[in-house]
1. What number of residues within region 111-167 satisfy the criterion of being within 25 Å of residue 219 (Cβ to Cβ) and not aliphatic (A, V, I, L, M)?
2. Just need a number here: residues in region 63-98 that are open to solvent by 10 Å² or more (accessible area, probe 1.4 Å), touching a Leu at 6+ places or on another chain (Cβ under 9 Å) and not hydroxyl-bearing (Ser, Thr, Tyr).
3. Any idea which of 212, 163, 148 is within 21 Å of residue 249 (Cβ to Cβ) and under 14 Å from the mean Cα position of the chain (by Cα)?
4. Within region 129-144, identify whether any single residue is among the β-branched types (Val, Ile, Thr) and open to solvent by less than 30 Å² (accessible area, probe 1.4 Å), and answer yes or no.
5. Please verify whether residue 155 is surrounded by fewer than 20 Cβ atoms within 10 Å (Cβ to Cβ) and either out of contact with any helix residue (DSSP H, G or I) (no Cβ under 9 Å at 6 or more places or on another chain) or of a type in the set (D, E, K, R) (or both), treating the condition exactly as stated.
6. Name every residue in region 179-193 that is in contact (Cβ under 8 Å) with a residue 24 or more places away in the chain and surrounded by fewer than 22 Cβ atoms within 10 Å (Cβ to Cβ), in order of residue number.
7. Restricting to region 244-282, give me the number of residues that are closer than 17 Å to residue 228 by Cβ, assigned to a loop (DSSP other than H, G, I, E, B) and open to solvent by 10 Å² or more (accessible area, probe 1.4 Å).
8. Pull up region 228-264, narrow it to residues that are of a type in the set (S, T, N, Q) and touching a strand residue (DSSP E or B) at 6+ places or on another chain (Cβ under 9 Å), then point me to the one that is farthest from residue 151 (Cα to Cα).
Amino acid sequence: MISVPRDRPICVDIEFSNFRTVAMSSSRRALIGVGQMTASADKEHNFQQCQELVKVGAARGVHMLFLPEAFDYITPSIEETLHLAEGLDGELIERYRQLARESRLWLSLGGFHERGPHWDQDRRVYNTHLLLDDSGQTVGLYRKTHLFDVDLPGQVSLKESSFTIPGPRIELPVTTPIGKIGLAICYDLRFPEVSRTLADAGAEILTFPSAFTLTTGMAHWETLLRSRAIETQCYVVAAAQTGRHNDRRLSFGHSMVVDPWGCVLAQCGQGLGLCCAEIDLDYLQQVRQQMPVTQHRRCDLYGSVGKPPSLS
């Protein structure tokens, strides 16, 4: 069984209103903040929510703050979604660059409606995850590869591909002050190949900014997040949308941080909030050394069911 350092806080949080935090110490540890919001079609109101989360995170001494998918807006129609879309050089992202500079925080912008490359001919967007450093510079960019096309009769019916271009690739993890971060978005969580690929490329932290529906969140959210953490022995950070966005959209909330042993370190409930938790890279290495799952993988067998292994 993995031995846990006695000074390491496990699943212990300190509650303040809807905001929670976990204590931090030591040189290979860093405090992060994970934001939760209810986006609407009002971009200015959404920015004010995010700005408040950044302000609270900075006051608590976090090194990086994570915002959810669709932090920019969520609308009731495809037409309005496309109408509000901007480019990466637009006014909204510039405001977030300034926010990163002013707060001196790294920011994970978990899902931005980015105008596609042929906007004049093909009005579709990318769902883009941006990572900004504390000077406001883009240090990581990932465009969502798995699009949420789901029809659960009487519960959830969404077709993201009707207005979104699938991203072309999984990106290399980004080196940051809190560790090497692998970028993903929401529905990517259901495809363990993404997490495995990022972990094999050196990721120590996996991010899944999301807008999980109430139906799918109640059924699968925590199970999927803990599974990805246990499988890869990575920290998993999941900022989430919460509550009712409009007459057609309702999100589950429960932003969460899971450690490499699968323990939920911090979690929001519902409503605007921030949960804070500690990333401890020494503990991550301890988990990987004491249970070296990666070394035990039989890659010579995977993908070859019923076939004899190569003798070469």
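The values are calculated or read from the model by the stated rules, or taken from the named source; none is laboratory data. These numbers were taken from a predicted model, which means no experiment stands behind them. Counting neighbours? That spans all protein chains shown, and the Cβs are built from the backbone with ideal geometry, glycine included. In case anyone asks, the SASA skips ligands and DNA or RNA and just uses the protein heavy atoms, side chains included. Shrake-Rupley method; radii C 1.70, N 1.55, O 1.52, S 1.80 Å.
1. The number of residues fulfilling the criteria is 19.
2. 4
3. Values: 163 fails: under 14 Å from the mean Cα position of the chain (by Cα); 148 fails: under 14 Å from the mean Cα position of the chain (by Cα).
Going through 212, 163, 148 in turn, just one is within 21 Å of residue 249 (Cβ to Cβ) and under 14 Å from the mean Cα position of the chain (by Cα): 212.
4. So far as region 129-144 goes, no, none of its residues is among the β-branched types (Val, Ile, Thr) and open to solvent by less than 30 Å² (accessible area, probe 1.4 Å).
5. It is false that residue 155 is surrounded by fewer than 20 Cβ atoms within 10 Å (Cβ to Cβ) and either out of contact with any helix residue (DSSP H, G or I) (no Cβ under 9 Å at 6 or more places or on another chain) or of a type in the set (D, E, K, R) (or both).
6. 180, 190, 191, 192
7. So the answer is 3.
8. Restricting attention to region 228-264, the residues satisfying the condition of being of a type in the set (S, T, N, Q) are 232-233, 241-242, 246, 251, 255.
Remaining after also requiring touching a strand residue (DSSP E or B) at 6+ places or on another chain (Cβ under 9 Å): 232, 241-242, 251, 255.
On the way: 232: 30, 241: 20, 242: 21, 251: 16, 255: 24 Å.
Taking the candidates together, the pick is 232.
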